[in-house]
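Since the structure comes first, as structure tokens, the remarks are kept for the end.
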């Protein structure tokens, strides 16, 4: 343009919720899936994340909106903490079966990482929370104050 200003565009996606604050679309509201990279076929697909208050009402696991990535280890474990329910989980990468989960102080939006410690133990770590953490897709009961935490978990040795 003659003014030297480049045109730009910005978009913000806002949630469309029911009166209780849950998404108006049919669940699942978040999914985790494995795709065969050679064939493009879906290997498995599961609801990812949980609104515990809905599960307690007898509603099957709905999944939650999520943002963030996963990491897979050579031993076939998949780690991810991208859900809005403050959980960090491990799955069997071949089957999608949840093997382990733990509560964390906020959402883990960052993709986890893995490293070998000086002691020869493999760890999986992730950044949790952070300034401005959270999402416009959080259900109101999950709203929480900002945190800045780095957590690491030791993996059991495989011999």
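General remarks:
- Check on residue 96, under 20 Å from residue 42 (Cα atoms) and either free of Cβ contacts under 8 Å to residues at least 40 places away in the same chain or exposed (fewer than 15 other Cβ atoms within 10 Å of the Cβ) (or both): no
- Qualifying residue in region 75-82 (condition: in a strand (DSSP E or B) and more than 21 Å from residue 129 (Cα to Cα)): yes
- Scanning region 54-66 for residues that are touching a strand residue (DSSP E or B) at 6+ places or on another chain (Cβ under 9 Å) and surrounded by fewer than 16 Cβ atoms within 10 Å (Cβ to Cβ) turns up just one, 60.
- Among (1) part of a strand (DSSP E or B); (2) under 18 Å from residue 28 (Cβ atoms); (3) in contact (Cβ under 8 Å) with a residue 40 or more places away in the chain, the one test that residue 89 misses: (3)
- Residue that is surrounded by the most Cβ atoms within 10 Å (Cβ to Cβ) [pool: residues in region 34-47 that are in a strand (DSSP E or B) and either free of Cβ contacts under 8 Å to residues at least 24 places away in the same chain or on the phi > 0 side of the Ramachandran plot (or both)]: 47
- Residue count for region 48-60, restricted to those that are closer than 25 Å to residue 126 by Cα and either part of a loop (DSSP other than H, G, I, E, B) or touching a helix residue (DSSP H, G or I) at 6+ places or on another chain (Cβ under 7 Å) (or both): 4
- For region 99-112, the set of residues classified as at pLDDT 95 or above and crowded, with 18+ Cβ neighbours inside 10 Å consists of 112 only.
The values are calculated or read from the model by the stated rules, or taken from the named source; none is laboratory data. Just so it is clear, the structure is predicted and the values come from calculations on it, not from any experiment. Cβ sites come from the backbone with ideal geometry, for glycine too, and all protein chains shown count toward neighbours.
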